[in-house]
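Worksheet: one structure, shown below.
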Amino acid sequence: MILLYILGIMGIGFAILSAGSKNLLHSALWLTFLVVDVAAIFFFLENYFISAIEVLVYAGAIVTLILTSVMMSRRYLDAE
Amino acid sequence: MDLFYFILSILYGILKFLHINFIPFNWGGYPVGEWIAWAIVGLVEVIIVFALSMLLVVILVYVFRKYMADLQNRIGPNRVGPWGSLQLIADVFKLIQKQDLIPSRADRIAFKLAPYIVFTPVALGFVLIPFGNISILNLMVLNFPYTVLFLIAFMIISPLGEIIGGLSSHNKFSLYGALRSAAQDIGYEVPMMISVISVIILAGSYSANSIVYAQRNIPFIIPEVLGFFVFFFAMIAKQSIPPFDLPESGSELVSGYSTEYSGMRYGIFYMANFGFMALTSFVVATLYLGGWEGPFPFIPGLFWLLIKAAIFMVIFLLSWIALGRVRIDQFLNLGWKYLLPLSIINLLISAGLALTVGGWF
């Protein structure tokens, strides 16, 4: 129970970092951590299937797509 | 007997020997002492698996260097220790002593986090593999449904670290490496997942242990030759070893995403590479060759699993040393035009088998 609260607070922190970060790559990085954190919450709620699918779909597909589009953007490449 | 209860009984034995009473340590009616004992046992278990897998990686690196030298008419490492067996430890000390350079224009947070994103899934993946047994001691660390899904999920996280590492270096070669890494991931991950799904359909379970048990009569390599073929190619692409080492091709991209990494950060990438080689050979042996199942019951299951995995490790090493590199467009053609249709055909075949003679397997 305490573990779930800790994971939840961490998740809120990652979400704020991901949404508020000016740097596109950092947003994608914190989004990865957020996805793994949500998967961990599902895991400790003993919902293993949703937990695995969360990582497969979001970390496997969505974050890869976001990273690919970050690669295409001039804004990240020109940044210091 | 499970490994968990084995370590728990050892812990209680030690506590009894030291005259410490652990169980009645209550806090508001909750058996906190028991929970602490379980946490300690879980930690010890994970540390044991981690240490053994890292030992396996060290052995694998040594075998790789000796084998490569043998094929190239060299002697290989022969100065440090007997037959050069301590060379890798010397190399690790060299890497630790090296200055850890970070490029001034690099994205510092992402640059520092990337090696850990690559390495952590390897360390976690070893916990999920059913290692069989030694006489009555069962070596399965985690036994819950959906183990295979988690194995695949861990394999999918690590390329993100490669892409982030390549992007954050702010280096043209690293950027190319990251771009190729992303393209290659999308190319092999879909056929890999579909071939894993056909194994799951045929076994009727998501648990790695049940998949091994379903292969007691006939290993899945026989009904699913196509699926094995696809999964094997995907695993070679996963480790990015030749012929599919496009993200880190040494001669054209100066080792791709890890160009700017030096010192122990590069060492972590290196360990993750060899760790994935060991992990993927265990996964292929578990899914398609029957894991710890073997013909003679008096020989422990761990032995069979190690033999089957060692065959794949040698095949991977041979592919690394002997083969050339394909172009990126050739690899993407292979992934989308050949591996994906083959895996879908394999899915249909295994669905048909599961509907007709499924109970026989």
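The values are calculated or read from the model by the stated rules, or taken from the named source; none is laboratory data. Values in this document were obtained by computation on a predicted structure and should not be read as measured data. Don't worry about glycine lacking a Cβ; one is built from the backbone with ideal geometry, like all the others, and counts go over all protein chains shown.
Structure values in brief
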| quantity | calculated |
| --- | --- |
| Residue that is surrounded by the fewest Cβ atoms within 10 Å (Cβ to Cβ) [pool: residues in the stretch B:311-340 that are in contact (Cβ under 8 Å) with a residue 40 or more places away in the chain and within 16 Å of residue B:191 (Cα to Cα)] | B:336 |
| Residue A:19 within 12 Å of the chain's Cα centre (by Cα), over 23 Å from residue B:191 (Cβ atoms), at the interface with chain B (Cβ under 10 Å from one of its Cβ atoms) and in a helix (DSSP H, G or I) | no |
| Any helices (runs of 4 or more DSSP H) falling wholly within the stretch B:124-219 and containing at least 2 residues that are of a type in the set (Phe, Trp, Tyr) | B:147-168, B:172-203 |
| Qualifying residue in the stretch A:7-16 (condition: at the interface with chain B (Cβ under 9 Å from one of its Cβ atoms), assigned to a helix (DSSP H, G or I), surrounded by 18 or more Cβ atoms within 10 Å (Cβ to Cβ) and on the phi < 0 side of the Ramachandran plot) | no |
| Residue ID - farthest from the other protein chains (Cβ to nearest Cβ), chosen from residues in the stretch B:65-91 that are under 30 Å from residue B:169 (Cα atoms) and either more than 26 Å from the chain's Cα centre (by Cα) or exposed (fewer than 15 other Cβ atoms within 10 Å of the Cβ) (or both) | B:90 |
| Test set (1) at the interface with chain A (Cβ under 9 Å from one of its Cβ atoms); (2) at pLDDT below 85 - residue B:142 fails condition number | (1) |
| Top-ranked residue in the stretch B:168-182 [being over 13 Å from residue B:246 (Cβ atoms) and of a type in the set (Ser, Thr, Tyr); ranked as nearest to the other protein chains (Cβ to nearest Cβ)] | B:168 |
| Inter-residue pairs, beta-carbon under 7 Å, first without any contact (Cβ under 8 Å) to a residue 24 or more places away in the chain and in the stretch A:34-49, second charged (D, E, K, R) and surrounded by 14 or more Cβ atoms within 10 Å (Cβ to Cβ), 6+ apart | A:39/A:54; A:42/A:54 |
| Qualifying position, being under 24 Å from the mean Cα position of the chain (by Cα), more than 14 Å from every other protein chain (Cβ to nearest Cβ) and modelled with pLDDT of 85 or more, among B:61, B:41, B:49 | B:61 |
| Filtered residues of the stretch A:17-29 (kept if in contact (Cβ under 8 Å) with a residue 12 or more places away in the chain and buried (at least 20 other Cβ atoms within 10 Å of the Cβ)) | A:25, A:28 |
| Hits in the stretch B:220-248 (condition: at negative phi and assigned to a loop (DSSP other than H, G, I, E, B)) | B:220, B:221, B:222, B:223, B:224, B:239, B:241, B:242, B:243, B:244, B:245 |
